[in-house]
Amino acid sequence: MSLWVIGVCLICGALIGFLGGVLGIGGGLIAIPALVLLMDMSQQLAQGTALIMVLPTIVMAVRKYNQKARIDRRVAGAGALGAVLFTWVGAQLALGISSSTLRISFAVFLFFVAAFYVYRIVKPPRIAVAKSEAASRSVAQLTPGRSAALGVVCGTLGGFFGVGGAVLAVPILTVVFRLPQTSAQALALTMIIPGSTIALITYSWAGQASWWIGLPLAAGSLLFVPVGVRLAYRLPERRLRACFAAMLFATVALLIFEA
């Protein structure tokens, strides 16, 4: 591979790492359609190659998030255990279908997640209630058992789409368990680390990962993940959700264009 290609991968990796740090998605949502469009890769090969870049950047992002606010290790560990058991299943399903079917499925999944975020942004605020009523209003507690169940769903999607786990986990954590956006992003990324490792091994074993492309992307990404995480904590939560939704819609448009 030429030095020019390596340089382009480093630059693209830096941009993807920055956006992934801001949005808490590990950059894979951006890398996959870019690899399909620019490198003419199949959907499976793009997902496997993106995992090479995503895994180290996820670890870096979690480290930076944890420096801002401590992550509940019991809850994250339970979620990771549930995810790792089912990621292999999702990856095997993805490797057994056509590239075009997988690509369209990925686009549909991201569209509904993005639409949900738009709904959260434009939904009118509820009328204020008395403090006593607000205090008595029950909020679901994120127990290790519930986290493990969430991990099962996210692990299956993460194996199938390469990066889908955290995308699904974040809205569930913010809506059902009322976690702040940044806390949800930190916990979701922590939960998918072991599963992403399994997914990468599975895709690589099947010959669906290009290490010559993935490693330069990972190197560039690692340099700018910390910058993105710092920006995430400075942005208002509503604006962060808007950025997240916009990135998902842009990814859907790219996937449809590629199809």
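The values are calculated or read from the model by the stated rules, or taken from the named source; none is laboratory data. Fair warning: this is a prediction, and the values are worked out from it, not measured in the lab. Using ideal geometry, Cβ is built from the backbone for each residue, glycine included, and neighbour counts are taken over all protein chains shown. The protein model used for the area step is the full one, side chains on, heavy atoms only, and it has no ligands, DNA or RNA in it. Shrake-Rupley method; radii C 1.70, N 1.55, O 1.52, S 1.80 Å.
Points to keep in mind about this one:
- Scanning the range 38-67 for residues that are open to solvent by 40 Å² or more (accessible area, probe 1.4 Å) and at negative phi yields a total of 10.
- For the range 182-198, a residue qualifies if it is of a type in the set (S, T, N, Q) and either part of a loop (DSSP other than H, G, I, E, B) or buried (at least 22 other Cβ atoms within 10 Å of the Cβ) (or both), and the qualifying residues are Q185, T190, S196.
- The residues of the range 42-71 that are touching a helix residue (DSSP H, G or I) at 6+ places or on another chain (Cβ under 9 Å), outside any helix (DSSP H, G or I) and at pLDDT below 85, listed by number, are A69, I71.
- Scanning the range 222-259 for residues that are at pLDDT below 80 and small (G, A, S) returns A232, A259.
- Check on R74, among the charged types (D, E, K, R), closer than 14 Å to M191 by Cα and assigned to a helix (DSSP H, G or I): yes
- Look at (1) within 22 Å of F160 (Cβ to Cβ); (2) open to solvent by 40 Å² or more (accessible area, probe 1.4 Å) and you find that R70 fails only one, number (1).
- Tally, over the range 205-259, of residues that are over 19 Å from the mean Cα position of the chain (by Cα) and free of Cβ contacts under 8 Å to residues at least 24 places away in the same chain: 4
- Residues being assigned to a helix (DSSP H, G or I) and open to solvent by 50 Å² or more (accessible area, probe 1.4 Å) - total across the range 199-218: 5
- Hits in the range 98-110 (condition: farther than 17 Å from I172 by Cβ, part of a helix (DSSP H, G or I) and not charged (D, E, K, R)): S99, S100, T101, L102, I104, S105, F106, A107, V108
- Every pair of residues 6+ apart whose Cβ atoms lie under 7 Å, when the first sits in the range 108-121 and is in contact (Cβ under 8 Å) with a residue 24 or more places away in the chain while the second is of a type in the set (S, T, N, Q): L110/T251
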